[in-house]
Each structure stands twice: as C-alpha cells, then as structure tokens.
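Asks: Got a structure here, written out as structure tokens. Questions coming.
Every number here is computed from the coordinates shown, using simple stated rules; none is lab data. Just so you know, these numbers come straight off a predicted model, no measurement behind them. Reconstructed Cβ throughout: ideal geometry from the backbone, glycine too, with neighbour counts over all protein chains shown.
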Amino acid sequence: MSCTVAVDELSLGMYIHLDGGWLSHPFPLSSFRISSPEQIATLRGLGLSHVRWVPEESDPPPSPASADAAAATPGVAAVAAAVPAEEQAAQHRRRQLAAQREALLRCERQFCEAAQVFGEVGGALAARPRHAGRTTEALARAMLDKMPGSDEMGIRLVSGGGDRAASHALNVSVVALLIGRALGLAEEDMLDLGVGALMHDIGKLDMADRYRHADERFTPAEWAVYREHVARGVVHGRRMALAPGAQAVLAQHHEHADGSGFPQHLAAERICMAARIVAIIDRYDTLCNPATRTAALTPHEAVATLFAQGRARFDPTVLNAFIRVVGVYPAGSLVQLTDDRHAMVVGVNSSRPLKPRVLVHDPQVPRNEALIINLERAADLGIRRSLPAAKVPVAALTYLDPRPRVSYYFEPLPRELQAEELAA
C-alpha cells in the first residue's frame, strides 16, 4: 500500500514511485529504493512537491537504541571474523543472488517500459503523427540518458515484453546505440540513430501481416509489396516530422554496401552511417527471431552467418563493431564450457567478447538460485563451443530455459560486476 510523502522528507532506504512515467525523469526505473543522497537531490530538482511512497518495500529506519548499540559494538571486520566461514559463504551467496536478480529486474523493467512507449507511438501515428514523432524522440533521448557516458556498457538477455514489432524495434535500437557509442558518433547523430532504429520498420504498421516479414517463397509480386514498407515508412517519417538523419534510416536500412539492396541500390558511400548500422542489426535480429520459429538461428549462428555471408553486403567497419558489441557468443547463445558443463550466455561485455557472463546448468542447485559466472574472472574456465538447442541434453535445456524470442537491453557493467564478484 502506498501513500504520499513530501520530497523534502525523503531519506535513504525509502521505496518510491514516480507517476510521471519513464520519460519524465532520468532514473532507470519509475519505482525504486533511494540509495544515495544524489538521488534525493535529483528528485528535488525535478520540481515535485510529493511522491508516492511504499512503506512495505522500504528499509526500516534505524531506531535510536540500535544506533547507540551500533556505536558500542566492535567493527564490521571483527564481527565478520566471529561468523563461521560457512555462514559467511552463505551470506555472500545470498548477496550475489540478490545483486544479479536486481540487475535482471532493472533491465527487464526498462525494456518493458520502453516497449509500452513504443506501443503508444503506434497508437498515435494515424491521428497524431507529430505527437508520435515527439514521443519517439523522447524515447530515444531517454534510452541515451540511461547509458551513462563514463560507465562500461554491456548487453543483457531479458525475457522481453510487448509484441514482436516492439521487441524487434528495441533490439535493433539497443544494439545500434551501443555500436554508435563504440564508433564515437556525435550526440546529434546518436539521437538520429536511436529514432531511426526505433522507427525503421514503421512502414509495416499498416500492411497486411503476411507481407510484414520477408519469405523466400514470395512471388515477384509479393516481394514488391513487401518492399513497399520502405516507402511507406518514409511517408510516415515525414508526417511525424522526424529529423532528416532519422528519415534517412527509414529510407536506407535495406540498402547494401555492394549495391544489392533496395529500394535505390545505393552503394556504401551513399548510405548514411546510421542506416549502415541499422541494416546489420535488422538482419541479425531477423535471423534470431524470424516469423517462423523453426527457421531461427542461435545468436552465435546468426553472427557467424553475418560474418561469412555479409562481408560484401555490410560496411566492414560497422560489421566489426557489431561483432565487438554483441560478442562472439551473443547473449542467448547456448554453449558448452571447457569443463563440459552446459550454459547459456546472459550478458556480454563488448570489450571482452570471448568472456561473457553465463548461467550454468548445475543439477545440484535450484534454477532460481543459480549464480551467474563471469568468465572474465574465471581464469581456468572458458567456452569450448556453441551449440544449437537440439544438441543440448534435455535436462540442461530445461534448466537453462532459453526464451522463444531473444530480447536485449543494455546495462552499465562496473556496478553490477563489483556487486557480483562471481567466480566459477
């Protein structure tokens, strides 16, 4: 049960909810527990008089008696030394589990909130196109704001939310923004990239379902209808008053560096950088999340396919940046480790593509208590090979429980990795 509290009365440990929505504040989530004085200062700077407070989710305030007792007790190190080693290990494991659950929950909530905003854009497009354009730009800015410039960023596997169109748009925009960041794009270009990535398939919105996804069995006439989504998207982009850079993504995201794309058969030098980035991720996500699940590739297979078949079609600089960002074993890949255990990649640090974070099948540990192993910190453990689901033993596959749709969101890494301190 929630109640209201004056912003001037906020304190550390209070669990609050901001009613303005995800786009009205700089915090990763609309509901969170206050953990620093800086958060309180930011809340006061938003011009709010009151916020909603959930006492049941808040940390209890310290009583005067407990404060006096704390002052009279030995230091933390002395108390820890008195705790048996087994209990210390159990406490450490509980902290690790809590940290990784909190990190996953934060990413999944952000993904779902962004998917909800994307749905609002589609609902407003027909009657209020300029409002839809402003909302799209606000969503792209919010995603950029939630990518702290000083932090190392990674990709996190999430369970997703929203429909297929929303998941595809977010997957493409999340990876696109990370690639743009890796390539050092300017702030204005990053915003155009984010808006263009979110809206690149907006031309499919008013097409019949059967024409929204490319099918090798299409007749020439059906291919022509499918390709119309680019021109339709450009029309929507103009109605939404999107910036020219974002509109260029809508117009060029199916062009190829070798001139084999459509609709204008542009060569590499005539394709804008943002469209070159979106083209690669659009293809990657389609390989991982096709309209028919039986045709889906694993993320590792999709990367290998792009690298083997796409070196002529895609800008080589952008393709190399893409592989650095998503990793050699992208999140969602099923792998066998060098100690023969089976695992699923759940997080990737772009600066260490061969050392992702993995969830390991361990029949001795309940799945909801399984710790994520950071292979970067496990010097004697690595990945032997990637596997399709059909090659993973049934017990391991059931335990790892890969989702039918691969969905991504980004996360700042230093804080999470320090909190986890995971080892094999």
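Asks: Calculate one ³J(HN,Hα) per residue across the range 218-228 by plugging θ = phi - 60° into the Karplus curve 6.51 cos²θ - 1.76 cosθ + 1.60, and present them in order as whole Hz with x for glycine and proline.
Replies: In residue order, the calculated couplings are 4, 7, x, 5, 5, 4, 4, 5, 4, 5, 5 Hz.
Asks: Could you check the spin-label model distance between residue 12 and residue 102? Points 7 Å from the Cα along Cα→Cβ, value in nm.
Replies: 1.3 nm
Asks: Over the chain, what relative contact order in percent results from Cα pairs under 8 Å that are six or more residues apart?
Replies: Values: 674 pairs, mean separation 69.8, N = 424.
Here the relative contact order equals 16 percent.
Asks: Also: Based on the Cβ-Cβ distance of residue 88 and residue 395, what FRET efficiency does E = 1/(1 + (r/R0)^6) give at R0 = 45 Å, to the nearest 0.05?
Replies: On the way: r = 32 Å, r/R0 = 0.71.
That gives a FRET efficiency of 0.90.
Asks: May I ask you to derive the FRET efficiency for residue 307 and residue 128 from their Cβ-Cβ distance with R0 = 56 Å, giving the value to the nearest 0.05?
Replies: Values: r = 42 Å, r/R0 = 0.75.
My answer for the efficiency is 0.85.
Asks: With label points built 7 Å along Cα→Cβ from the Cα atoms of residue 362 and residue 317, find their separation and express it in nm.
Replies: Here the answer is 4.5 nm between the modelled labels.
Asks: Moving on to the next point. Can you tell which of 255, 152, 113 shows the greatest fluctuation in a Gaussian network model of the chain with Cα springs below 10 Å?
Replies: 152
Asks: What is the magnitude of the charge dipole of the range 1-61 about its Cα centre, with +1 placed on the Cβ of each Lys and Arg, -1 on the Cβ of each Asp and Glu, and no other charges, expressed in debye to the nearest 20?
Replies: Value, rounded to 20: 140 debye.
Asks: Related question: Over the Cα atoms, compute the radius of gyration (one decimal) and Dmax (the largest Cα-Cα distance, rounded to a whole number) for the chain, in Å.
Replies: 23.6, 82
Asks: Can you tell me the orientation of helix 316-326 relative to the chain, as the angle in degrees between its alpha-carbon axis and the longest Cα principal axis, to the nearest 10?
Replies: Computed tilt is about 30 degrees.
Asks: Still on this structure, please answer the following. Each residue of the range 50-58 in turn: what ³J(HN,Hα) in whole Hz from Karplus with 6.51, -1.76, 1.60 and θ = phi - 60°, glycine and Pro shown as x?
Replies: 9, 9, 7, 10, 10, x, 5, 9, 8
Asks: Quick check on packing: order 267-274, 344-351 by the mean number of other C-beta atoms within 10 Å, highest mean leading.
Replies: Put in order of decreasing packing, that is 344-351, 267-274.
Asks: Something else now. When the Karplus curve 6.51 cos²θ - 1.76 cosθ + 1.60 is applied with θ = phi - 60°, which whole-Hz ³J(HN,Hα) does each residue of the range 119-129 get, with x for Gly and Pro?
Replies: Here the 3J(HN,Hα) series is x, 5, 4, x, x, 8, 4, 5, 8, 9, x Hz.
Asks: Using r as the Cβ-Cβ distance of residue 225 and residue 3, and R0 as 60 Å, what FRET efficiency do you calculate, to the nearest 0.05?
Replies: With a Förster radius of 60 Å, E is 0.60.
Asks: Bin width 5 Å, alpha-carbon pairs only: give the P(r) of the range 190-264 as whole percents, running from 0 to the bin holding the largest distance.
Replies: 3, 17, 25, 23, 19, 9, 3, 0
Asks: What are the residues whose amide H is under 5 Å from the amide H of residue 58, where those residues sit 5 or more places off or on another chain and H is modelled from the backbone?
Replies: Counting only residues 5 or more places away or on other chains, the set is 15.
Asks: Follow-up question, since we're still on this one. Mind pulling the angle between the C-alpha long axis of helix 164-182 and the longest principal axis of the chain? Nearest 10 degrees, somewhere in 0 to 90.
Replies: 80 degrees
Asks: Let me ask you something else. Just the number: Rg to Rh for the range 1-61, Cα atoms, Kirkwood Rh, two decimals. Before the final figure, lay out the partial values.
Replies: Values: Rg = 10.4 Å, Rh = 11.5 Å.
That ratio is 0.91, to two decimals.
Asks: Ignoring everything except DSSP H segments at least 4 long, calculate the 222 nm mean residue ellipticity for the chain; use -39,500 (n - 2.57) per segment, divide by total residues, nearest 500.
Replies: The helix contribution divided over the chain gives -15000 deg cm²/dmol.
Asks: Sort largest first and round to whole Å: the equivalent ellipsoid semi-axes of the range 87-183, each the square root of five times a Cα gyration tensor eigenvalue.
Replies: Rounded to whole Å, the semi-axes are 32, 16, 11.
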